[in-house]
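The values are calculated or read from the model by the stated rules, or taken from the named source; none is laboratory data. Keep in mind that this is a model prediction, so the values were computed, not measured. Methodologically, a virtual Cβ is constructed for each residue, glycine included, from the backbone with ideal geometry; neighbour enumeration extends over all protein chains shown.
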Amino acid sequence: MNRRRFLGGLAATALCATARAQEGPRLSIQGVAFQAYPLFVSLYGEVASPEVEFESKSYRMLAISGGWRAVVPVSIDARGSHQLRVVSRGQTVAERSLSVKPRDYGMQYLSISPSTLASYDDPQNKADDEAILAAMKGVDDSQLWHGNWELPCQAPESTGFGQRRLYNGWKKGWHKGLDLAGWEGQAITAPADGRVIHKARGIVNGNTLVLSHGLGVFSVYFHMNSFAVGMGQSVSRGQQIGSVGGTGGFAPHLHWETRCFGGPVHPKAFLQLPADWR
Ligand SMILES: [Zn+2]
């Protein structure tokens with residue numbers, strides 16, 4: 001083959017590949033693929049109601065100007081390579097392979113009274129947790145927060161997020177939130193703009209509040225002493241939503257969770273958001 005024609009052919013093929021890549025939707029994934037961290041997924045281009053498929057679950061993407069976005073949770077047990085796919089009308093329109101990095105969140109060995117341990121398995125406690133997840137089924141379509149989030153209580157961290165737990169040497173669990181050692185009555189403030197979607201008194205969780213921040217992102221507050229907001233109320237970052245307590249039978253502290261479509265993720269990921277997500 002004539003060498004010049006061969007090279008010309010290669011250049012034409014490369015141009016075609018570039019043109020094709022520009023026609024398809026563009027996938028952007030920000031955040032780190034750590035266990036129990038959120039992935040900030042954007043898709044730019046004209047695509048009909050896309051969904052993200054990751055770890056055998058499906059997440060609806062919400063419309064933004066020029067595309068779509070979703071905050072997808074990586075599960076605490078994920079490890080190794082996982083394919084993230086964006087699917088529209090049954091067709092994969094974009095995909096990427098992610099390598100999930102393990103995090104050593106530590107291990108906690110707890111000795112608690114048999115009656116306290118039994119209350120964890122009480123049907124009422126399970127119902128309390130299910131009611132929280134049910135409240136998270138409704139998703140605010142737009143991103144309600146603006147800017148980085150703030151800690152909801154100005155207090156030192158007493159128990160970190162993600163610790164694996166072994167109760168009385170046999171019962172396994174893990175810490176789905178972050179504990180802040182506030183004093184009884186200390187103000188709890190909204191870490192970001194949002195809306196109150198659940199308010200309850202749980203037998204273990206104590207006084208419970210759940211905020212929706214839009215796009216399937218929620219924050220949860222347990223053991224509160226008092227509430228300062230009502231169901232459905234809109235709240236702004238820094239606004240008081242209640243006070244620290246020990247309801248549910250604990251020493252006073254705030255147990256704070258952040259969840260994406262119900263999946264627990266590290267709250268600190270929201271204190272330093274990717275630039276396009278602030
Ligand atoms: Zn806690």
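Scan the stretch 265-278 for residues that are surrounded by fewer than 21 Cβ atoms within 10 Å (Cβ to Cβ) and aliphatic (A, V, I, L, M) and jot them down.
Matches in the stretch 265-278: Leu271, Leu273, Ala275.
Pull up the stretch 252-264, narrow it to residues that are more than 15 Å from the ligand (Cβ to nearest atom) and not in a loop (DSSP other than H, G, I, E, B), then point me to the one that is surrounded by the most Cβ atoms within 10 Å (Cβ to Cβ).
That would be Cys260.
Among the listed residues Asp121, Asp140, which satisfies the condition of being in the same structural domain as Leu215 (by TED's automatic domain parsing) and crowded, with 16+ Cβ neighbours inside 10 Å?
Asp140
If I filter the stretch 170-210 down to residues being away from the ligand (no atom under 15 Å from the Cβ) and small (Gly, Ala, Ser), which single residue comes out as nearest to Val139 (Cα to Cα)?
The residue in question is Gly194.
Tell me which of these Val217 doesn't satisfy, since it passes every other one: (1) away from the ligand (no atom under 16 Å from the Cβ); (2) closer than 15 Å to Ala155 by Cα.
That leaves (2) as the condition not met.
Can you find, within the stretch 148-161, the residue that is surrounded by the fewest Cβ atoms within 10 Å (Cβ to Cβ) among those that are part of a loop (DSSP other than H, G, I, E, B) and within 11 Å of the ligand (Cβ to nearest atom)?
Among those that are part of a loop (DSSP other than H, G, I, E, B) and within 11 Å of the ligand (Cβ to nearest atom), it is Gly160.
Anything in the stretch 133-157 that is of a type in the set (A, V, I, L, M) and at pLDDT 95 or above? List them, or say none.
Within the stretch 133-157, Leu133, Ala134, Ala135, Met136, Leu144, Leu151, Ala155 meet the criteria.
Got a sec? Which strands (runs of 3 or more DSSP E) wholly within the stretch 196-244 have at least 1 residues that are surrounded by fewer than 22 Cβ atoms within 10 Å (Cβ to Cβ)?
Where strands (runs of 3 or more DSSP E) fall fully within the stretch 196-244 and carry at least 1 residues being surrounded by fewer than 22 Cβ atoms within 10 Å (Cβ to Cβ), they are 206-214, 240-243.
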